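K.L.:
Before anything else, here's the structure in question.
The values are calculated or read from the model by the stated rules, or taken from the named source; none is laboratory data. If you're wondering where the values come from, they're calculated on a predicted model, not measured in any experiment. In this analysis, Cβ positions are derived from the backbone assuming ideal geometry, glycine residues included, and neighbour counts consider all displayed protein chains. For the accessible areas, the whole protein counts, side chains as well, though only heavy atoms, and no ligand, DNA or RNA atoms are used. Shrake-Rupley method; radii C 1.70, N 1.55, O 1.52, S 1.80 Å.
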Amino acid sequence: MTTGGVRVDAYTWAIRLYSTRSAATAACKAGHVKVNDAGAKPAHVVRVGDRVRALTPGGERIVVV
């Protein structure tokens, strides 16, 4: 069984770390989002078990997918 993934910008927006998808994309481009401690571009695919670290207006958030 294979599990698909989702773009990190869409994921961070979907779980409401950012209020808009464009804000999530901008945060990724600015280097404020890391997946498994590595910088993530907006199209980086996240899968179950990945750790997403995001610097949001409310502070740093760490989420496990």
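K.L.:
Could you check how many residues of region 28-65 are in contact with a Leu (Cβ under 7 Å, 6 or more places away or on another chain) and not β-branched (Val, Ile, Thr)?
P.N.:
Total meeting the criteria: 3.
K.L.:
Follow-up. In region 1-25, how many residues are within 16 Å of Arg61 (Cβ to Cβ) and open to solvent by less than 80 Å² (accessible area, probe 1.4 Å)?
P.N.:
Qualifying residue count for the region: 10.
K.L.:
Now for a separate question. Which one is farthest from Arg51 (Cα to Cα) among residues in region 1-39 that are touching a Ser or Thr at 6+ places or on another chain (Cβ under 7 Å) and part of a loop (DSSP other than H, G, I, E, B)?
P.N.:
Tyr18
K.L.:
Here's a follow-up. Output the residues belonging to region 28-57 that are touching a residue at least 40 places away in the same chain (Cβ under 8 Å), open to solvent by 50 Å² or more (accessible area, probe 1.4 Å) and either under 13 Å from Leu17 (Cβ atoms) or under 10 Å from the mean Cα position of the chain (by Cα) (or both).
P.N.:
Hit for region 28-57 is Val45, nothing else.
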